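Beneath this line is the structure, given in structure tokens, with notes to follow.
The values are calculated or read from the model by the stated rules, or taken from the named source; none is laboratory data. Bear in mind that the values here come from a model prediction, so they are computed numbers and not experimental data. Accessible surface is based on the protein model in full, side chains and every heavy atom, while ligands, DNA and RNA are left aside. Shrake-Rupley method; radii C 1.70, N 1.55, O 1.52, S 1.80 Å.
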Amino acid sequence: MMLHMEGVHAHYGHIHALRGVDVTVQVGEIVTLIGANGAGKSTLMMSLFGKPGASSGRIVFDGEDITRVPSHLISRRGIAIVPEGRRIFPRMTVMENLLMGTAFADPANFNADIKRVYAMFPILEERAAQRAGTLSGGEQQMLAIGRALMSRPKLLLLDEPSLGLAPIYIKRIFQIIRELNTEHGMTVLLVEQNAHHALRVAHRGYVLQHGEIVLAGSGQELLASPEVRAAYLEGGH
Amino acid sequence: MAYALQQLINGLTLGAVYGLIAIGYTMVYGIIGMINFAHGDIFMVSAFIAVTAFTLLAAFDITSLPLAITAVLITAIFFTSAYGWAVERMAYRPLRGSTRLAPLISAIGMSIFLQNMVQLTQGARVKPIPPVLEGGIEIWQSGGFTVQISWTQIMIVLVTIVLMVAFTYLITQTAFGRQQRACEQDSTMTALLGINVDRTISATFMLGAALAAVAGVMVTVYYGVVDFFIGFVAGIKAFTAAVLGGIGSLPGAMLGGLIIGLIEAFWAAYLSPEYKDVATFAILILVLMFRPSGLLGRPEVEKV
Ligand SMILES: Nc1ncnc2c1ncn2[C@@H]1O[C@H](COP(=O)(O)OP(=O)(O)OP(=O)(O)O)[C@@H](O)[C@H]1O
Ligand SMILES: [Mg+2]
């Protein structure tokens, strides 16, 4: 088991954003979280990094309890995140942003890793010296994914990677998620508004509502489920 | 003409010192978005360390000048960066995430504490040091006035240039500098990428303090006297320099320092030496009113 969250609660001040969620991700899986705005999807991802920390419950990653591990030590254990809103460093160059993903990586891997990222996103190589803040939204999203990959994570967290992107980019992003999974064996936890795409690419999925998991199943099952169809697929978003 | 040239030399020297102190303000503001009001005192403490160290060295008859100055610099940098670290640890870190005003008040508290401590232990009177570096070069003579550039001035300008080059390299080219800039832009994301943000902030305070320490030693050698109040005055001027250059901008801090130094030198020479400090305050007010982002600063809003 790669990731196991057990009865995790999280708060922002007095807002109770996660109400005892249980989520499991197996090695080699793509797991997706779907849910309406404000359901707690981003909170769930950030709680792995302790931002906000779990107020109760347990988070186990790769066999070790990481519930109370400081934020900056989480990525060293092999989790990388493409957070909501991308959060690239706008006043740094594309190259510098990619280097930020290598804070604790073995410098010997750098050449191979950057090659892999450039092969996936050729535009990043072209724009290596450009300020990241001047990239288009889609390019920034690619940069955020590239930065996450530079640390060779075991588990990749993607928070709405398709948000605000043109259909052509969306297709490409999902294609890359599948590629990472099948060709590089990457385990992925994916949050998406775009439930249709997400459930098709994912092995399993969870439906989050008001901070609670209300439904879980394989991608196919959820796609077929009447509740999911009504709430998230047929004009529900 | 000769007189003006002399003021230019004096102003550049002074400006270099203000610039070094201003960098500390600008870097700390860049990373935590707050002014370190105890920063001027770091400069003052360094000057006192320099006085003590120079006096000791003179007592032991250590006369090799480069050796003495290097020893004093290392001592001053060591103690003041420890002090910079302590200010962050005691006045800023415990209050991070509380109201914006709280850390400012605790920093002012640290500043008052430090002034009083120095006043109590060193006395309130002006302290002289034995002359360290005398003489200079006469570069021009005209109309009975001799333009002179002293060895101390040459040293100050050279040391400042070397430090600026090294510092620019550190910030723009090294992994540490990249992480430091990353913290400025998005500290949460920086932590998610595995960087210890607290440690980077501490290092920023210490670096700023180290530069102010060098400025403190230079000023001690330049003027030959210090008192416990110089930190406040120099602090305000360097702060003005940082705001004028654009708070958060490193080249801005240096440029602002030079401009303030030049204005002060010319104001004192041609208008009134008694009111030279007024000039600085006037500039501070004008900049805040008409161009709060400073000469090289970027406007607060930007497309992300
Ligand atoms: N920094 C914060 N401070 C206070 N409340 C927050 C904060 N971030 C999120 N919340 C609240 O926590 C709840 C869950 O938010 P979260 O961002 O996890 O939702 P989400 O499922 O990711 O929504 P979306 O699809 O809109 O991104 C919401 O009610 C939100 O208002
Ligand atoms: Mg979200």
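Here are some notes:
- Expressed in Å, the radius of gyration and Dmax of the Cα atoms of chain B are 19.4, 67.
- Projected over all directions and averaged, the alpha-carbon convex hull of chain A occupies 12.4 nm².
- Residues whose placed amide H lies under 5 Å from that of B:Gln148, excluding near-sequence neighbours: B:Ile139
- Span-rule helices in chain B, defined as complete DSSP H runs reaching 24 Å or more along the axis (Cα) with Kyte mean at least 1.0: B:2-32, B:39-59, B:65-87, B:101-122, B:151-173, B:197-223, B:250-266
- Carbon and sulfur %, accessible surface of segment A:81-152 computed with the full protein complex present, 1.4 Å: 52
- Alpha carbon convex hull of segment B:172-304, volume per residue in cubic angstrom: 136
- Lysines whose Cα lies under 29 Å from that of A:Lys154, excluding same-chain neighbours fewer than 8 positions away: A:Lys41, A:Lys51, A:Lys115, A:Lys171
- Protein heavy-atom accessible surface, 1.4 Å probe, per residue over chain A: 42 Å².
- Radius of gyration (Cα atoms) of the protein assembly as shown, expressed as a multiple of 2.2 N^0.38 Å: 1.19.
- Carbon-plus-sulfur accessible fraction, chain B (probe radius 1.4 Å, protein heavy atoms only): 70%.
- Proportion of all alpha-carbon pairs of segment A:81-152 beyond 17 Å (%): 32
- Secondary structure note: in the protein assembly as shown, about 65% of the DSSP beta bridges are antiparallel.
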